[in-house]
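Each value in this text was obtained by applying a stated rule to the coordinates, not by laboratory testing. Treat the numbers as computed from the prediction; the structure is a model and nothing was measured. Please note: Cβ atoms are built from the backbone with ideal geometry, for glycine as well, and neighbour counts cover all protein chains shown.
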Amino acid sequence: MKTMANSSRGSGVDDGPAARKIESAAAFDRLRETVDTMLVDFYADWCGPCRLVADTVDALAAESDVLVVKVDVETLPEVTREFGVNGIPAFVVFIDGEPADRLVGMQDKSELRRLTE
């Protein structure tokens, strides 16, 4: 049974107060299989725009019922390639495990929220 809850305990992701960092491709696949709707922030630590939008992503995660996770493109290049992410930051919403919509580049909270509605 899939869920929309912003909870990831025991799922292989870093449990933080907001957006959670995916630590493995297997954890990403498990979430895709079990969560109805998930917003993924593809980022890199060295990416200036990624750092600038990080607080916005965390704020959205804290106030949303949709699971918001982060994928480091350098740590998980196989996940990045699988979903055709060529520019960062990139935001992909998954519905029932499949990519449904995406935005690339700096985004404000209202645009990110629109992806999850």
Quick calc, the chain, dipole around Cα centre from Cβ unit charges on Lys, Arg (+) and Asp, Glu (-), nearest 20 debye, gives 40 debye
In region 50-90, GluC sites (Glu not before Pro) in a DSSP loop with at most 15 other beta-carbon atoms within 10 Å
GLU74
For the chain, what is the mean residue ellipticity at 222 nm derived from helices alone (per DSSP H run of n ≥ 4: -39500 (n - 2.57); sum divided by total residues; nearest 500 deg cm²/dmol)?
-10000 deg cm²/dmol
